[in-house]
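One structure is given below, encoded as structure tokens.
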């Protein structure tokens, strides 16, 4: 049933989809797959600005899990697309809680990767009594260090040639900070400038996603793909400009709230987007978790060693709660 190489489960058909009106002009798209009577799990996707994808469900056994996914405000199939109005971290957490109530789930398991790990941790810290277990991977703390690293002050030491190419596009008119230049270009530039910065940022961001060299080339993208990427990165810039709408160090500060929750922290040893130190700090402050560093893995959870580790974790949780 599982893929021999990756350990992933096959895709299962969606049995429920819809748009939940969460107020303030937003309708959040959600989907359910797997077993309606199975162990409920909610998936927080990455980004900010990305969307839920079918492959996110494949780390869960569809015979044992009721897999719930949703697109965050402005993302994917949520309405209105690309909107940053009334779009904050606190809004996203509240939306997840409204979805839980809407789907009549008393308590669910929570999973998130990258930016999704940030939201999963914050959700568990906010709605602790609604979380049965928690799994996070490719941990992003959404703090100043992590944001700087991702925009160049860190990852540039690993990819110096790619960083010089990135700087040549985004730094204009004497600018020196790539993070500030990306935010300004995406939020305030004309569409041509938005597209230019978006392509450069995507290329830079993706170069550290996998162990293999990235083959991403914006020149090969269709017009609608480019436009979608612009809006995705536009939302990212909105969150980055606002320090992801949380206090500096907030995730680690509030880890004591998870003292009664069990779970896993799964991290690629060579994650160039979100350095393993963040995952280590989370695990160190969370006595109820098992820390799983994955060798020969970077940021992408689709890598064979990474996906195998995630499936092992979710299988263990399903067996524990199914019985």
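Computed from the coordinates by the stated procedures, all read-outs in this text should not be read as laboratory data. None of the values given here were measured: they were computed from a predicted structure. Note: ideal-geometry Cβ built from the backbone for every residue, glycine included; neighbour counts use all protein chains shown.
Specify the residue with the greatest mean-square fluctuation among 263, 154, 116, computed from a Gaussian network of the chain linking alpha-carbon atoms under 10 Å apart.
In the Gaussian network model the winner is 154.
Over the Cα atoms of the stretch 209-323, how large are the radius of gyration and the largest Cα-Cα distance (Dmax), in Å?
17.6, 52
Within the P(r) computed for the stretch 145-244, what percentage of the Cα pairs occupies the region above 23 Å?
On the way: 957 of 4950 pairs.
Beyond 23 Å sits 19 percent of the P(r) for the stretch 145-244.
Connecting C-alpha atoms closer than 10 Å in a GNM of the chain, tell me which of 190, 205, 45 has the biggest fluctuation.
Of 190, 205, 45, the Gaussian network model singles out 190 as fluctuating most.
Rounded to the nearest 5, what % of DSSP beta bridges with both residues in the chain are antiparallel? Kindly include the intermediate steps, with their values, before the conclusion.
Working: 14 of 38 bridges.
For the chain, the DSSP antiparallel bridge percentage is about 35.
Which three semi-axes in whole Å describe the equivalent ellipsoid of the stretch 62-216, each the square root of 5 times a Cα gyration tensor eigenvalue, listed largest first?
Details: eigenvalues 225, 69, 40 Å².
For the stretch 62-216, the ellipsoid semi-axes come out as 34, 19, 14 Å.
Given a cut-off of under 8 Å on Cα pairs at least six residues apart, what relative contact order in percent is computed for the stretch 145-244?
Values: 84 pairs, mean separation 26.6, N = 100.
Taking the mean separation of contacting Cα pairs over the length of the stretch 145-244, I get 27 percent.
How much length is gained if the chain between residue 221 and residue 312 is pulled fully straight, taking 0.36 nm per residue apart and subtracting their Cα-Cα distance, in nm to one decimal?
That pair, residue 221 and residue 312, stretches by 29.2 nm at full extension.
Suppose the Debye formula is applied to equal point scatterers at every Cα of the stretch 107-169; what is log10 I(q)/I(0) at q = 0.11, 0.22 Å⁻¹?
Computed log10 I(q)/I(0) values: -0.37, -0.83.
Helix-only estimate, please: 222 nm mean residue ellipticity of the chain, summing -39500 (n - 2.57) across DSSP H runs of length 4 or more and dividing by its residues, to the nearest 500.
Details: 10 runs with 123 residues, N = 323.
That calculation yields -12000 deg cm²/dmol at 222 nm.
Along the three principal axes, how long is the chain when you take its alpha carbons, biggest first, rounded to the nearest angstrom?
That works out to 62, 43, 38 Å along the principal axes.
So, in Å, what gap is there between the alpha-carbon centers of the stretch 228-261 and the stretch 117-155?
After rounding, the separation between the Cα centres reads 7 Å.
At a Förster distance of 45 Å, what's the computed FRET efficiency of residue 107 paired with residue 193, Cβ-Cβ distance as r, to 0.05? Write down the numbers at each step before the final one.
Values: r = 47 Å, r/R0 = 1.04.
Approximately 0.45, to the nearest 0.05.
Given a cut-off of under 8 Å on Cα pairs at least six residues apart, what relative contact order in percent is computed for the stretch 51-155?
Details: 98 pairs, mean separation 17.8, N = 105.
Once divided by the residue count of the stretch 51-155, the mean separation gives 17 percent.
Using just the alpha carbons, could you tell me how many Å³ per residue the convex hull of the stretch 27-68 encloses? Can you show the working numbers first?
Working: hull volume 2.8 nm³, N = 42.
Considering the Cα atoms of the stretch 27-68, their hull volume per residue is 68 Å³.
Can you sort 17, 89 by how many other beta carbons sit within 10 Å, fewest first?
Numbers: 17 12, 89 22.
With the fewest neighbours first, 17, 89 line up as 17, 89.
Evaluate the relative contact order of the chain (contact order divided by residue number), counting alpha-carbon pairs under 8 angstrom at least 6 apart; express in whole percent.
Working: 625 pairs, mean separation 61.9, N = 323.
Normalised by residue count, the contact order of the chain is 19 percent.
Between 182, 292, 101, which gets the highest mean-square fluctuation from a Gaussian network model of the chain, Cα cutoff 10 Å?
Ranking 182, 292, 101 by mean-square fluctuation puts 101 first.
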